[in-house]
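The values are calculated or read from the model by the stated rules, or taken from the named source; none is laboratory data. In this text the structure is predicted, and so the values were computed from the model without any measurement. Counting neighbours? That spans all protein chains shown, and the Cβs are built from the backbone with ideal geometry, glycine included.
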Amino acid sequence: MESELYFQSELVKTRIEIKDQTLSEISKELHDNIGQIISVGIMQLNMYLNSGTPVQQNELNDLKEILAKSLDEIRILSRIINKDNLLQSNFIEAIQQDLERIKKLKNIQYQYHLTGEIPNISQEHDLFIYRIFQEALHNSLKHSHSDLFEVNINTTDTIFHLEMKDFGVGYDTSQTSSGLGLNNMKLRAKLIGARLNMDSGPSGTSVILEYPLIKTNETTY
């Protein structure tokens, strides 16, 4: 009973952390990207109004492109807001959308490889796996300064294998595990019966999660 309560407690914390990080990402992107784009549009519009001359077609086209870009980024953020609903059906799609978001908003490239069938994993374990990926991605964005990410997902009859790699600045994981949330990541992997390995060096960092599919994905306490 005590172990079940602990699992449920960690599950609630995981949901809260996903929402908190989602809101943090939205706030930052609104300030850094969309706010800046709209400010440029307003400056350009003020220039046209103060010039005292008729607005040319090419100038209107420039303004249209600015507004279209801000609308595109708002749509990206709206998909992030709906991430909880997305996770109820397919956490792998949420991973793909995260990668696409950083490509569009941060101009960071990614390579994504999926081998095998998408596994049928319980919603609770989905959330833990997604949160582990989310923390790994956040760490890389914050520390590695890499302009390329690689995500490899491989599913066999017995193992779901998820690997995320960056190609930037490495760090000593034994010295920074607390700041990176590595202990939380390992704990959550253990709670669902998975194994987590993190390796970092001069050529980048890789995080590997191996989740067993032998059983029927019953909760591991």
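Within the stretch 160-167, is there a residue that is over 17 Å from the mean Cα position of the chain (by Cα), surrounded by fewer than 18 Cβ atoms within 10 Å (Cβ to Cβ) and not aromatic (Phe, Trp, Tyr)?
yes
Can you tell me which residues in the stretch 91-133 are at positive phi and either surrounded by 15 or more Cβ atoms within 10 Å (Cβ to Cβ) or of a type in the set (Gly, Ala, Ser) (or both)?
The one that is at positive phi and either surrounded by 15 or more Cβ atoms within 10 Å (Cβ to Cβ) or of a type in the set (Gly, Ala, Ser) (or both): GLY116.
Looking only at helices (runs of 4 or more DSSP H) that fall completely inside the stretch 40-129, which ones have 2 or more residues that are at pLDDT 80 or above and more than 13 Å from the chain's Cα centre (by Cα)?
The qualifying helices (runs of 4 or more DSSP H) are 57-81.
Give me the pairs: first residue in the stretch 44-61 and charged (D, E, K, R), second residue modelled with pLDDT of 80 or more, beta-carbon distance under 9 Å, and six or more apart or on different chains, which are they?
GLU59/GLN44; GLU59/MET47; GLU59/TYR48
Within 11 Å of the chain's Cα centre (by Cα), modelled with pLDDT of 85 or more, farther than 23 Å from VAL40 by Cα and buried (at least 18 other Cβ atoms within 10 Å of the Cβ): does that describe ILE153?
When the stated conditions are applied, ILE153 does not pass them.
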